[in-house]
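Working notes for the structure below.
The values are calculated or read from the model by the stated rules, or taken from the named source; none is laboratory data. These numbers come from a predicted model, not from an experiment. Cβ placement follows ideal geometry from the backbone for every residue including glycine, while neighbour counts extend to all protein chains displayed. These accessible areas exclude ligands, DNA and RNA; they are computed on the full protein's heavy atoms, side chains included. Shrake-Rupley method; radii C 1.70, N 1.55, O 1.52, S 1.80 Å.
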Amino acid sequence: MRSISGVGRRSISAIAVVFVGCTSAVNLQPPESRGFEVVLEESSENRRFDESQERGFRERSLAVRRQLAQEDLVELDDWWRSRDIGDPHKYLLPPMLAQLSLAEPEEKNEIWEIWRNLERDASDLYHFRSIYDVRIFFLFRDELPDDVRNAYQTMVSSPRVLEWGEGGTENHISQQYLSGLAMMDGSGFPVAAPHLLATNEAWLRSEVWKYLTIGQGEFHSSTYYGFTIGGLLNLYDFAETPQLRNLAKAALDWLATNMALRLSWGTAGGAESRGFDRGTWYDSGIGTVAWIWWGSDDRSEIDRIASQTDTKRSRLAVLAATSSYRPPAELRAIALKTVPLPFQLRASHPAYYTYHADNQFWETFYATEDYTLGTLVTPGRSYQVRGTINAQYATYKLVVRDVEGRKNAVVSLGGTYHTPMATGRSPGDRKVQEKGTVLYQLRLNEQDRQARVPDRSHLVVPREYGEPQRFGEWYVWRIENVWLCARVWGDTIALENPVVGGDEDYLALVAQGTNTAWITDVVRVADYPTFDGLTEALGETEISDANLASRGEIGYTSLAGDRIQMQYAPDRAIADATINGRDRDLAERPVLESPYVNQDLNSGRLDIQIPNSKLWRLRLTPSQPVWETSDD
């Protein structure tokens, strides 16, 4: 095992930044030779993309910056001033960054004037400002007007410097603390509150240790991952202290690994905290960052996706697009699902914010050539309807690959306490998954009824795939190259087309009653080419439901041949379950367990190994993370 202590010392002068082009107001089609490039000192521990991948990265970077630069800064400035907008920087700074990266020197004065007015009238250094403003400072520091440079210096002077220690949710803190840390460590300005350097570093160190021991509370969030990554990119690109860059790189590598594992052809597949992604590359917050890292190198495909990406998503993409960070090379095959398939991931996650309540949420994720399916098991019942809550967990997500790469189909299943779209975890939801099969029950107790939990559960499917075919008690959809088969129990079963009170682009198969139950079995058309062949196989499956109504017991032998049994166990926080005769044991489930990526609970070690590649390892030591490679 060869050990690498870190990414090595290098000052900001070791990053060469080249911006050539012009603003959107003057010319949106600069010559092909114009663009943006960040060049980092080469080293074996910072293995960059190969030449063709790096060329594709630069093309995607240029495309997303061109798209974002089309925003009219004057109109945006007028827009926020005429409304009650508390975070205007989130809207103005990203296109400002894009325009500055494309503009000729003489064309930048108007941009800096808008920046001055924004700084004068909205001076708060808050999270959604910090990730963009700090990046603008460092990338253009050699050409800043004197008064703009002086304004940036006040950000590390008293009293403004203290704002870099403000709190919030997990991604808020990441943006604020890490961007501030980059500013204090890398700007060269005197820092009025040097204790914040130690405080923010200590927080980052604790986060990295949490990631590599018990995982993350805001796990795989399609909404917020990009913002957390933005703060880390600032520290990675601009910190002067090598140890800080090592910590940022370790966190980025861990987050990129989790993204790659579950990425489903541009959609954030599987379970997630604080989000339910239905996008595909260009309309997904996490997808746009993944696209910058792992998207197609084909020029026409790059132009198509960039043109379809709305500004909200481009704001996240531009951070990765202007960074020198590249994910570990091994992740590309995992992200694009070109590793041997299928594979199954089992994972566990801690409670939100905590550093000690580990193994609180349990995930299963299954990936094939045509679909991915993920579920999340969460304990107990919660009726909270505000804050960081069950409404923000994706607990069942089926992603079906669009063969044309345009728009993946996404299906959800669950109770409707938070929404008829069956996203979020309803009180009383119970499930067990093995490969493409899920058993699910929702049984209401008196407390549920007092809390007005709806006595219904929904399977929510895109309307464009039509109403299901019937085979006995089975409902069957053909979705692209996948069969979705559903067996339902309830007092009444009905189809809502579209979902009542939900998104009109979706329909719902509705089970209503105090006790509802489902079996969903997902298989590839490649394995069952005809509906008749599928129904013949369904007819041979075994369902045990004699004690379902009285005891919440259900069993099923799936199309894949797995025997799954579930008992609701109303007095327990989760359902009792067996898979192929073995009890489902969640107590010591690893943070990540799969054929390609593994991290044991409390191990402090992340391993990645794909076929025909060396083992890549990120490991904690008492003082620093280290990277290792091995043929073992």
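Percent of Cα-Cα pairs more than 27 Å apart in segment 494-632, please.
Details: 5087 of 9591 pairs.
Tail of P(r) above 27 Å: 53 percent of Cα pairs.
Give the Kirkwood hydrodynamic radius (Å, one decimal) of the chain, defined as one over the mean of 1/r across all pairs of different Cα atoms.
Values: mean 1/r = 0.0391 Å⁻¹.
Mean inverse Cα-Cα distance, inverted, gives 25.6 Å.
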Within segment 415-500, report the GluC sites (Glu not before Pro) that DSSP leaves as loop and that have at most 14 other Cβ atoms within 10 Å.
473
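Shape of segment 114-155 from its Cα gyration tensor (a ≥ b ≥ c, root eigenvalues): rounded if a/c is under 1.5, otherwise prolate when a/b > b/c, or oblate?
Working: a/c = 1.83, a/b = 1.20, b/c = 1.52.
It comes out oblate by the Cα gyration axes.
After finding the eigenvalues of the alpha carbon gyration tensor for segment 183-255, what semi-axes result from the square roots of 5 times each, listed largest first in whole Å? Could the numbers behind the result be given before it?
Numbers: eigenvalues 104, 34, 24 Å².
Those come to 23, 13, 11 Å.
Can you give me the % of accessible surface on segment 121-231 that is carbon or sulfur? Probe 1.4 Å, all protein chains present, nothing else counted.
Details: 1740 of 3170 Å².
Taking all protein chains in place, segment 121-231 shows 55 percent carbon and sulfur surface.
Could you state the per residue volume, in Å³, of the convex hull enclosing the Cα atoms of segment 80-140? Write out the running numbers ahead of the final one.
On the way: hull volume 4.8 nm³, N = 61.
Once divided by residue count, the hull of segment 80-140 is 78 Å³.
Quick one: net charge around residue 68, please, counting Lys, Arg +1 and Asp, Glu -1 for every other residue with C-beta under 11 Å from its C-beta.
Values: positive: 65, 66, 312, 313, 315; negative: 71, 310.
Here the count lands on +3.
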Return one quarter of the surface area of the convex hull spanned by the alpha-carbon atoms of segment 127-179, equal to its mean projected area, in nm².
3.6 nm²
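DSSP loop trypsin sites (Lys or Arg not before Pro) in segment 373-408 with at most 15 other Cβ atoms within 10 Å of their Cβ, which ones? Don't skip to the answer; put the middle values down first.
Details: sites: 381, 386, 397, 401, 406, 407; in loops: 381, 386, 401, 406, 407.
In loop regions of segment 373-408 (DSSP not H, G, I, E or B), the sparsely surrounded trypsin sites (Lys or Arg not before Pro) are 386, 406.
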Over the chain, the sum of -39500 (n - 2.57) across DSSP H runs of at least four, divided by residue number and rounded to 500 deg cm²/dmol, gives at 222 nm -10000 deg cm²/dmol
Once you put a point 7 Å from the Cα of residue 452 and another 7 Å from the Cα of residue 206, both along the Cβ direction, what distance in nm separates them?
3.9 nm
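Provide the per residue accessible area, probe 1.4 Å, for the chain, rounded to a whole number of square angstrom.
Details: 22750 Å² over 632 residues.
With all protein chains present, the chain gives 36 Å² per residue.
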Per-residue counts of other Cβ atoms within 10 Å, averaged by peptide: what ranking do you get for 240-252, 219-231, highest first?
219-231, 240-252
By its C-alpha gyration tensor, with a ≥ b ≥ c as the square roots of the eigenvalues, how is segment 557-625 shaped: rounded for a/c under 1.5, else prolate for a/b larger than b/c, else oblate?
oblate
Which residues in segment 327-343 have a backbone N closer than 17 Å to a point placed 7 Å from the Cα of residue 537 along the Cα-to-Cβ line?
341-343
What does the highest-first list of 299-310, 579-590 look like by mean Cβ count within 10 Å?
299-310, 579-590
Towards the positive end of the charge dipole of the chain, with charges on Cβ (+1 Lys, Arg; -1 Asp, Glu), say which of 251, 89, 79 has the farthest Cα.
251
Hey, rough spin-label estimate for residue 403 and residue 605, points 7 angstrom out along Cα→Cβ, what's it come to in nanometres?
4.5 nm
Given a Förster radius of 41 Å and the C-beta distance between residue 149 and residue 505 as r, what FRET efficiency does 1/(1 + (r/R0)^6) yield to the nearest 0.05?
0.25
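Give the relative contact order (percent, whole number) for the chain; include only Cα pairs under 8 Å separated by 6+ residues. Mind dumping the intermediate values first?
Working: 1349 pairs, mean separation 78.3, N = 632.
That works out to 12 percent.
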Pairing the Cα long axis of helix 242-262 with the longest principal axis of the chain, what angle in degrees results, from 0 to 90 and rounded to the nearest 10?
30 degrees
When only C-alpha pairs under 8 Å and at least 6 residues apart count, what is the relative contact order of segment 99-216, in percent?
25 percent
For 546-552, 101-107, 260-266, ranked highest to lowest by mean beta-carbon neighbours within 10 Å, the order is 260-266, 101-107, 546-552
Say each of residue 530 and residue 312 gets a label point 7 Å from the Cα, pointing the same way as Cα to Cβ; how far apart are those two points in nm?
4.6 nm
Given bins 10 angstrom wide, list per bin the percent of all Cα-Cα distances in segment 453-516, short to long.
22, 53, 24, 1
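Using the Cβ atoms and a cut-off under 13 Å, what net charge is assigned to the surroundings of residue 247, where Lys and Arg are +1 and Asp and Glu are -1? Display every interim value, and only then the final one.
On the way: positive: 205, 210, 245, 249; negative: 185, 201, 207, 253.
Here the charged neighbours net out to 0.
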For segment 181-338, evaluate the Debye formula with one uniform point scatterer on each Cα (no solvent term) and list log10 I(q)/I(0) at q = 0.15, 0.20 Å⁻¹, rounded to two decimals.
-0.80, -1.27
Under a Cβ-Cβ cut-off of 14 Å, what is the net charge of the residues other than residue 196 that fall near it, where Lys and Arg count +1 and Asp and Glu count -1?
-3
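Could you list, in their original order, any pairs among 108/249; 249/431; 337/614; 249/337; 407/614 whose Cα atoms are separated by more than 27 Å? Each step should come with its number before you reach the end.
Working: 108/249 32 Å; 249/431 36 Å; 337/614 18 Å; 249/337 24 Å; 407/614 35 Å.
As for pairs spanning more than 27 Å Cα to Cα, those are 108/249; 249/431; 407/614.
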Straight-line reach check, residue 210, cutoff 13 Å on alpha carbons, 8 or more apart in-chain or any other chain, hits among aspartates and glutamates -> 170, 218, 358, 600
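If I take R0 = 22 Å and measure r between the Cβ atoms of residue 631 and residue 53 in this structure, what FRET efficiency does the formula 1/(1 + (r/R0)^6) give, to the nearest 0.05?
Working: r = 24 Å, r/R0 = 1.07.
Rounded to the nearest 0.05, the efficiency is 0.40.
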